[in-house]
Every structure is written in structure tokens, then in C-alpha cells.
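The structure appears right after this line, and notes come after that.
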Amino acid sequence: MLNIALLGKPNVGKSSLFNRLAKERIAITSDLSGTTRDVRTKRVLIEGRECLLTDTGGLDESSALFEAVKTMSLGAAKKADLILYLVDGKCYPDEEDRKLFYSLSKLGKPIALIVNKADNDSDKERAWEFGTFGAEVLIPMSVSHNRGTSTLKKWLLEFLPPLEEPLLEEDSEDDDFFEAYEEDETPEEVVPEEDPALNIGIIGRVNVGKSSLLNALVGEQRAVVSDVAGTTIDPVDESIVYNDKVFNFVDTAGLRQRGRIEGIEHYALKRTEAVLERTDVALLVLDASQPFTELDERIANLVEKYELGCIIVLNKWDIAHADFKGSTEAVRDRFKFLAYAPIITVSALSKKRVPKIHDLILRVYENYSRRIPTSKLNELVKEASTRHHLPSDKGKLVKIYFATQFNICPPRIALVMNRPRAMHFSYKRYLTNRLRESFDLEGSPIILIPRNRGEKDEEA
């Protein structure tokens, strides 16, 4: 499949063009230089023809962080089949841009010079000053005003073979996408269909090693790693196939205390929560070399909020100088609400024990999507309520008539009762513990929902 890479210096509109061609608001865009720092690839359709679109970080060497960004961006260019090099049409041709364009041209791949921000006819005329770059293909564009998009697509179609059966559904209202976009409405409770991809969110505070872990999990450098806090801004998606299952890893931005969130990190926080809404299993990354913090606990609460399968990853174990028993006891004491989550110690930098995470993910997801037979479920509830009777409600008897699981991911179980409001949280916890003793549900939350007879199988 043809891979198209978008390159250029910071703040020339690469992410905006990426979003325009992908017809989704995927990459964060802002006026701040250096918003995009990692390589992001998306499978898209252009006029019914499928390709891979790769957004890269700005080519800049102003700091050690941006030198790493530039290295990854140039690496993406070498892997690409076709290059779009963007420049800022509001500025005069720049010697550094000229050198970068020339070096990319020497790769021997089709390359187009995109002069962005040509918002009006005057800008479009000035864009031809970039002809001194010696580009065979020069396209003036205004991504924000959707000018020049059809010209770019016409050139791209010269390299894209038509598909007999498109694998993706294309929106017929291409040019009006940004104006007409609305979020899909989804029903509250639907039994999920089997999804070929398993979505895994990597979460944690800044500098705990999430990007290093992503690189170790996928086996190559896909996220920028730096000591600079807040290096990752956009969530970084990367997929691998493991045991015939597609793992879609998403490295999210490191979270800070709310009072310390700066600039574009506000976008990062929103994107992290958006990622968790479509996540199956969360890898909660903790720094084993430092004491756990209140912020770690607040981030862990997101796992509970979004009812995710969870694995606790104690990273930097090679420098932790701690014993496993003591560390796990500290985790269990601090994160009592994640008592169901397995704990694994790793070193993302040396990759020690990282491969074990793949099998652990499969096991947790199996439990997360587990269906418990109704007969066995009712046997357990009957035995549990016989052993420990439900507390009465102001002297009146409280009974569970029967239990039924009505959804998965995570397992949702309705407890049909005569007085559902009288179910105390401590009795819920007792039943949850009995379920865990009887069925393998490690890594998965269990949602118990008391309800009256005749109520729908959904949460109130």
C-alpha cells in the first residue's frame, strides 16, 4: 500500500492537511510551533483509492527534543513511497527549507512542494517564488480554506491504483467535512461485536516511560523519547499482530497536576480521555524508582471511570532498588480500587520482561470479554446469599430473585431483586469477591446492577 509522508518545518500546516485528507480531526493542530512530535500513520481513502498517510513532527534542531523529532520524521520519509513537503506561503522562501527539500528529493521518490497558507489570489501568486527550489510539482494551497485540495488529489491519483472493493467507507461530502462533521450517536448498551483489533491505552504521568514502553512493545522507534516532560502531545497509535490478534497500542500524553498543565497540553488531556473511551485494556505505567503520588492515583481513577481492563506496569525496575513483594504491597495499598489488576515489573529501555505483557494483555482481554453461563451465575448467587444473607431494609426482607449477565467488556450483571435500592455497597463487594473466586476475571472490573423485575438490562 502506497505510503504518503507529510514533512516540513514546524507550524506549516502538516497536521491540518493530514486531518483534511483523512477527513477526521485526528492530529492536534495549534499555532504553537512543535505541536506534533511523533510519527502518526492512518489508512485513508482518496477518491476511493486506499493509501497510508503519515504525519510527522516539524524539521527543527532548536533543542535536543526537536532533534529527536527531526530524526524520526526523516526516518518516516525514507520509509515512504511519496513525499509532500510543506512550506509556509506567508513567508519568503527560506534557505533551510530549500536544503531540506533538496535532501529529500535525493531520496529518489516522487515529491511535491506544497505551498500552504495561500489563502487568496495574492498569496497564490507569491507562492510561485518557491519555484527556486527546483520542484517539478509545486501546488499552492490553503488547507484551512480548502483551496488547492482537488489539485493535490489529482496529482496523488497518478500514483494510487484503484481498488476493486474499497476497504474503508468514504464520505461523499469531502469538501464539506469540517463544516458538516457530527459525532455519531451510539446506544448506551449494546453487546459489542467481535472486533479484530484490541485497543490498548498506555497511561501515566509525565516521564514514567510510556513512549519507551510503546517502542519496546511494537519493536521499533515510533514515539519520541526525551527527558523533557510532556514530550508526547498527540496520542500515538501503532498496531502489531500477536497470536492472530491485532493489538492497537495508543501512547497517550503524560498527565500533570491540573494547575501545571501548559499550553497545548490542554488538548493532550482531552485527547487522552477520548482515547480511553475506545480503549479495552489500559496499561497503567508507574515509575518504580520513585514513590507513588496523588497524581498516579488520580490517573488510575480514569481506569475505573471508563471501566477498563487493566494491567499495572511498574517501569524502571532496573533502577528501582526495591523488592517485588514490598513494591506490590505498596501498589495494592495505594490503588485498592484496582485490586483486580495484575502487576508486572519491566524495564522499557532494556526491554526486560516487556514481551510478557503481550500474553498478559490477551489473558486480561479474555476475562474482560468473558460471558458467565446464567446457570452457574445463579448457583453462585444462591450459595453466596445463603452463606451471608442480605441485610434487611428497615426490617423488611431483601431478596435476589435471579442474576443474568447482559453485556461484556466489562462483564455487566443484573441482579433482579425485590428492593434494589436496599443493596448495600459492601454486599456488592462481597458478591464481586465471590465471583472472582469462582471465575477467572483477573484484570477486569465487574459491574453489578441491582434492578426491579421488568426493568431493561441497562444502567439507570
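The values are calculated or read from the model by the stated rules, or taken from the named source; none is laboratory data. Everything numeric in this text was worked out from a predicted model, so none of it was measured. Cβ sites come from the backbone with ideal geometry, for glycine too, and all protein chains shown count toward neighbours.
Quick notes on this structure:
- Residue in the range 417-429 that is among the hydroxyl-bearing types (S, T, Y), out of contact with any strand residue (DSSP E or B) (no Cβ under 9 Å at 6 or more places or on another chain) and within 20 Å of F337 (Cβ to Cβ) present: yes
For (1) part of a loop (DSSP other than H, G, I, E, B); (2) in the same structural domain as T151 (by TED's automatic domain parsing); (3) free of Cβ contacts under 8 Å to residues at least 60 places away in the same chain, each residue gets a yes or a no:
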{"residue": "A77", "(1), (2), (3)": "no, yes, no"}
{"residue": "E96", "(1), (2), (3)": "no, yes, no"}
{"residue": "F101", "(1), (2), (3)": "no, yes, yes"}
{"residue": "K109", "(1), (2), (3)": "yes, yes, yes"}
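- Residue in the range 325-342 that is surrounded by 19 or more Cβ atoms within 10 Å (Cβ to Cβ) and farther than 29 Å from M423 by Cα present: yes
- Among the residues making up the range 376-409, none is of a type in the set (D, E) and on the phi > 0 side of the Ramachandran plot.
- Scan of the range 416-434 for residues that are surrounded by fewer than 20 Cβ atoms within 10 Å (Cβ to Cβ) and either closer than 13 Å to A384 by Cβ or small (G, A, S) (or both), ordered by number: A422, S426, K428, R429, Y430, T432, N433, R434
- Conditions (1) out of contact with any Phe, Trp or Tyr (no Cβ under 6 Å at 6 or more places or on another chain); (2) in contact (Cβ under 8 Å) with a residue 12 or more places away in the chain; number of the one not met by A414: (1)
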